[in-house]
Amino acid sequence: MTPKFPIAGEPDAAATEAGRLLFAAGTEFLKGVVAMDGMPPADRLEVCFAGRSNVGKSTLINALTGRKALARTSNTPGRTQEINFFTVAESHYLVDLPGYGFAKAPLPTVKKWQALLKAYLSGRQNLRRAFVLIDFRHGVKDVDDEIMQLLNSSAVTFQVILTKADKVKEADREKILAQTRAALAKHPAAYPEILVTSSEKGEGIENLRSIVNTLI
Ligand SMILES: Nc1nc2c(ncn2[C@@H]2O[C@H](COP(=O)(O)OP(=O)(O)OP(=O)(O)O)[C@@H](O)[C@H]2O)c(=O)[nH]1
Ligand SMILES: [Mg+2]
């Protein structure tokens, strides 16, 4: 029996090529935003990457765009402190969000960017899908569940991406998958497929490109 929230299958050749072409059309950093009134006009389709600090959001954007240093990454949780907008072709914004949960930054600073994150996730008109990144080794934590609830109450469809698949122990995979599925079952806004990625090995990257491409 297929479980609820199956792992997304590979796209076919045509969908893979269409996704590749979208990202090959050019990706650029547009701006970093520290307040809602600094957002670019909501004039195109937007997807964002949310998740706990250090889960691999910025690294995934680099893997997707094929540009190693487009989004700044770091070993230290709390690297991304603004809402960073990237353009993909003329048609899409990719949005790199500050992490939530633990971050190595002063508390008032963290509080400020968490408030901005929440305002963004619940109030961005053109946000078509939020990708919620979960470290495959760790599964869904309470802070992730809070974000899912926020997306749910804002009626923003979100899709879980299990990241760092190259690092998860084979013996832990099924257990974490089951825990993730149970967490998603509580949220009607959860997209019914889970994506598994490794920015390190390239796993799931073509698939994610094609998913972004189909959100027209
Ligand atoms: N092995 C492995 N390491 C990864 C992967 N993705 C990210 N990392 C590493 O995880 C660390 C954090 O990555 P970032 O992309 O900066 O994480 P982030 O979610 O943007 O973090 P914040 O901006 O602090 O919220 C870096 O050292 C990355 O090299 C992956 O797929 N596999
Ligand atoms: Mg980051």
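Where a number appears in this text, it was derived from the coordinates with a stated rule and is not lab data. Computed from a predicted model, the values in this text were never measured in an experiment. Positions of Cβ are backbone-derived with ideal geometry, glycine not excepted, and every protein chain shown enters the neighbour counts.
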Once both label points are put 7 Å beyond Cα along the C-beta direction, the residue 115-residue 215 separation in nm becomes 2.7
Largest fluctuation, 145, 12, 166 only, Gaussian network model of the chain with Cα springs under 10 angstrom, belongs to 12
Gaussian network model of the chain, springs between alpha carbon atoms under 10 Å - residue of 171, 18, 183 with greatest fluctuation: 171
Taking a ≥ b ≥ c as the square roots of the Cα gyration tensor eigenvalues, with a/c under 1.5 meaning rounded and otherwise prolate when a/b beats b/c, else oblate, which class fits the chain? rounded
Listed with the fewest Cβ neighbours within 10 Å leading, 187, 92 appear as 187, 92
With contacts defined as alpha carbon pairs under 8 Å and 6 or more residues apart, what's the relative contact order of the chain in percent? 27
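Could you give the dipole magnitude of segment 13-214 about its Cα centre, charging the beta-carbon of Lys and Arg +1 and that of Asp and Glu -1, in debye to the nearest 20? If you can, show how the numbers build up before the last one.
Values: 27 positive and 21 negative charges, 90 e Å.
The dipole of segment 13-214 has a size of about 440 debye.
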Take 160, 196 and order them by how many other Cβ atoms sit within 10 Å, fewest up front. 196, 160
How far apart, in nm, are two points set 7 Å out from the Cα along the Cα-to-Cβ line at residue 67 and at residue 173? 3.4
Are any of the pairs 164/186; 111/167; 68/111; 141/167 more than 26 Å apart by Cα-Cα distance, and if so, which? 111/167; 68/111
Among rounded, prolate and oblate, which fits segment 141-216 when a ≥ b ≥ c are the square roots of the eigenvalues of its C-alpha gyration tensor, a/c under 1.5 means rounded, and a/b larger than b/c means prolate? oblate
Neighbour counts of other C-beta atoms within 10 Å: give me 200, 170 arranged from fewest to most. 170, 200
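Work out how much length residue 125 to residue 4 would gain on full extension: take 0.36 nm times their residue separation and subtract the Cα-Cα distance, in nm to one decimal.
Between residue 125 and residue 4, full extension yields 40.7 nm more.
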If I require 30 Å or longer along the helix axis, counting alpha carbons, and a Kyte-Doolittle average no lower than -0.5, what helices from the chain are left? Use full DSSP H segments. none
